[in-house]
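Let me begin by presenting the structure, written as structure tokens, before commenting on it.
The values are calculated or read from the model by the stated rules, or taken from the named source; none is laboratory data. What you see is a predicted model; the values in this text were computed from it and never measured. Quick reminder, even Gly has a Cβ in these numbers, built from the backbone with ideal geometry, and neighbours come from all protein chains shown.
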Amino acid sequence: MEITRLATILGAFGLLLTIGGFGLPLLAPEAEHMSSIVLGIGTLCLLGYVGIHFKGLIRGSGQRSTRLGAHSMFAIILAALALGLTNFLADKHGPEWDFSETKNFTLSRQTYQVLRALPREVKIHVFTRMGSPGYGAYQDLLTTYDKESPLLTVEFIDPERHPDKAKAYHVTRIDTAVIESESQQVYLQRASEADVTNALLRVTKDIKKGIAFTTGHSEKSVSDNETPGLSRAADALNKQGYEVTSINWDNILSSKISLLVIPSPTQSLRPKDVKQITQFLRNGGRLLVLNDPSSQDSLDPLLSQWGIQSGSGILADEQDRLGRGSPTALMVRTFTTHDITENFTTPIIFPVSRSVTFDADQGKHWDYETLAHTSEKSWEETTLNDTEPVFDEARDTKGPFAVAGVLTSKRVGQDQKPESAIVIVGNAAFATNGWLTYPGNTDFFLKTMAWLAKEEALVSITPKEPAFHPFVPNPSQEQSLVFFQVLFLPLLLLFLGLSVWKRRRSL
């Protein structure tokens, strides 16, 4: 009797351990080794139960009911095996259809070409966890990538469970993906097909494109970690696979840099500086000019020869501004269809900006296109020391105004010179440490640099239109919503309640 009771306990315990061993990897993927141990102990317990009842099982197997039950059990096992094999084959080799509204699980033609032409192994480490905002987006996107190339490996890492790996890759932010191949690494902060595909192209090339920031005329510095500095911009570019350096104006032509950034100098340029930039562009150089009001007229000798004029005042906008703050803190929402800003939906914050205008007669060697501009309720404020500017019809000029534009050199006849390009932004603060963390600012800065660096793969993949469109109200809409939610709805409910109460009293 005691042996029978022990066998029952052993069998039940073995069954529980076996079920737990199979279920443990689903709850804790990292506990694979522990799952094997639990399954081993459970199997031994079941074997012990069979051994104790072996004679009884032999006797029972000769009965007719046992044979019929065994046949039924055998048929169930065969059906389960057939179903499992079918699912396995369908998972590995079966066709897939994307019925989602925005075709979110279908990669673009360019991405398929990149994946099939990968020259070497690429690893993608995604530092995220279940429940975080980016987990689902990364999983949906990268699972599709992983199926298309045997050279691609995707690994999801919980930085809280594996802080050593997060430290090794210098990851300090959740939902960060690190794409690496040999010595090349690119960091991504969101699950975007354009960004991932572009990163694959970068990490499989051993040559990094160089970007130089000018220094010597009191420009904003990439080594400055304070709020007005550009250290975060330099770090973002480094994580995108570029090589960022600082360069003195005297060394521009002697360097091999093809992409140059002039970050809002406050000291006037010398005639030889203007000549060097002119020659740099003739050689096919690409240039980003950040020219906010703090630069005053220091860049005018350079800009005027391209037909660019900077506004003398500060732009203000009652409609598109940052919350209920000053109207000079622009939240630009209107973009053109240029490659940099096409399908751009996230607002860009331009605090204290100036306008950018183009004179076609003066810049006859250039083609010009606006990138972004303010709303029709904007104006150019001429009273620069006014902390709460108000539109004055007698003094101020009504908008809209362009805040960023792009110049590309015209080709004359059979001219085979490399095309040079210039992007001019009437603001530098958007790229500084204090403002670059805003998603729209980061996207605009990195896409501008990618276009200037001729990273066509990034800008040629059209982002998928989301099925859900978030509503970001401007100040007037925000005020209307507050009035409707805080005042109108409660008063309406109070009125209806009093009406019902009064009617019931009269019955």
- Message: I'd like to verify a number: residues in the stretch 163-184 that are more than 23 Å from G136 (Cα to Cα) and crowded, with 19+ Cβ neighbours inside 10 Å, how many?
- Response: 1
- From the residues in the stretch 448-463 that are part of a helix (DSSP H, G or I) and within 15 Å of K239 (Cβ to Cβ), which one is modelled with the highest pLDDT? M449
- Some residue of the stretch 246-257 being closer than 18 Å to G405 by Cβ and among the acidic types (D, E): no
- Just checking, how many residues over the stretch 197-216 are in contact with a Phe, Trp or Tyr (Cβ under 7 Å, 6 or more places away or on another chain) and surrounded by 19 or more Cβ atoms within 10 Å (Cβ to Cβ)? 3
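Which of the residues that make up the stretch 117-138 are over 19 Å from the mean Cα position of the chain (by Cα) and either of a type outside the set (A, V, I, L, M) or not in a strand (DSSP E or B) (or both)?
Our first condition is that a residue be over 19 Å from the mean Cα position of the chain (by Cα); within the stretch 117-138, this holds for 117-122.
Within the stretch 117-138, A117, L118, P119, R120, E121 meet the criteria.
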- Query: Does any residue of the stretch 214-233 turn out to be without any contact (Cβ under 8 Å) to a residue 60 or more places away in the chain, over 29 Å from N385 (Cβ atoms) and within 27 Å of the chain's Cα centre (by Cα)?
  - Reply: yes
- Item | Residues satisfying the stated conditions in the stretch 171-189, i.e. closer than 14 Å to K239 by Cα and touching a residue at least 60 places away in the same chain (Cβ under 8 Å) | S181, Q189
- If you check L259 against the conditions, is it within 11 Å of I424 (Cα to Cα) and either under 35 Å from the mean Cα position of the chain (by Cα) or outside the structural domain of Y242 (by TED's automatic domain parsing) (or both)? no
